[in-house]
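> Before I ask anything, let me first share the structure, which is written out below as structure tokens.
The values are calculated or read from the model by the stated rules, or taken from the named source; none is laboratory data. In this text the structure is predicted, and so the values were computed from the model without any measurement. Backbone-built Cβ (ideal geometry, glycine too); neighbour counts: all protein chains shown. Protein only, heavy atoms only, side chains kept; ligands, DNA and RNA dropped before computing areas. Shrake-Rupley method; radii C 1.70, N 1.55, O 1.52, S 1.80 Å.
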Amino acid sequence: MALLPLLFFPDPRLHTVAKPVAAVDQRIHTLVADMLDTMYEAKGIGLAATQVDVHERVIVIDVSEQRDQAVVLINPHLVWTSTTTHLNEEGCLSVPGIYDGVERFDAVTVSALDASGQSRVVQAEGLLAVCIQHEMDHLLGKVFVEYLSPLKRNRIKKKMLKAQREDAR
Ligand code: NI
């Protein structure tokens, strides 16, 4: 078990656009295992490689109550989105303590490789659909607070920087 250090907003590295994974090899297996450990330890429901400063298209998710249904998406891309959206309260391990509403598609279909490198299609709705969209944004260098108004975003940025200064003492 290995825990990876998280990047926290407004760290500029969170804006890095991730590259596709070239091969699902031992290095990626280790990354996925460490990301799962890190997500479960932090009690998160999703984690993108971007958040652990690895800029490759890897996502881990588990929205189950029992924390035993990991979804691993490597090189994910959306193949379908619903026409309907809804406002959902989101949080992020990289923006601790902040929750706010973001408009997301109600349902999505995503094509990706799984942890063993097999190609798979995932049809998602509800929390899983929201989580997939949130994590795929991370891979594009986008943090959910960037959907909020500039006023709110700046307030969050100041709060985060203050908390990080206090932690550093
Ligand atoms: Ni996040």
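> Yes or no: residue 65 of a type in the set (D, E, K, R), open to solvent by 50 Å² or more (accessible area, probe 1.4 Å) and closer than 24 Å to residue 9 by Cα? Break it down into steps so the answer makes sense when it comes.
Working: of a type in the set (D, E, K, R): yes; open to solvent by 50 Å² or more (accessible area, probe 1.4 Å): yes; closer than 24 Å to residue 9 by Cα: no.
So residue 65 fails the test.
> Which of the strands (runs of 3 or more DSSP E) found entirely inside the stretch 94-169 contain at least 1 residues meeting this: within 15 Å of residue 60 (Cα to Cα)?
107-113, 119-125
> Confirm whether residue 91 is surrounded by fewer than 20 Cβ atoms within 10 Å (Cβ to Cβ), within 16 Å of residue 47 (Cβ to Cβ) and touching a Phe, Trp or Tyr at 6+ places or on another chain (Cβ under 7 Å).
Taking the combined requirement at face value, the residue satisfies it.
> Does the stretch 30-50 hold any residues that are among the hydroxyl-bearing types (Ser, Thr, Tyr) and farther than 14 Å from residue 95 by Cα, and which are they?
The answer is 30, 38, 40.
> Regarding the stretch 17-27, can at least one residue be identified that is touching a Pro at 6+ places or on another chain (Cβ under 9 Å) and part of a helix (DSSP H, G or I)?
For the stretch 17-27, residues touching a Pro at 6+ places or on another chain (Cβ under 9 Å) and part of a helix (DSSP H, G or I): absent.
> Right, residue 51: in contact with a Leu (Cβ under 7 Å, 6 or more places away or on another chain) and not hydrophobic (A, V, I, L, M, F, W, C) or not?
In short, yes.
> Might you let me know whether the stretch 110-118 holds any residue that is free of Cβ contacts under 8 Å to residues at least 12 places away in the same chain and either open to solvent by 20 Å² or more (accessible area, probe 1.4 Å) or not basic (Lys, Arg) (or both)?
yes
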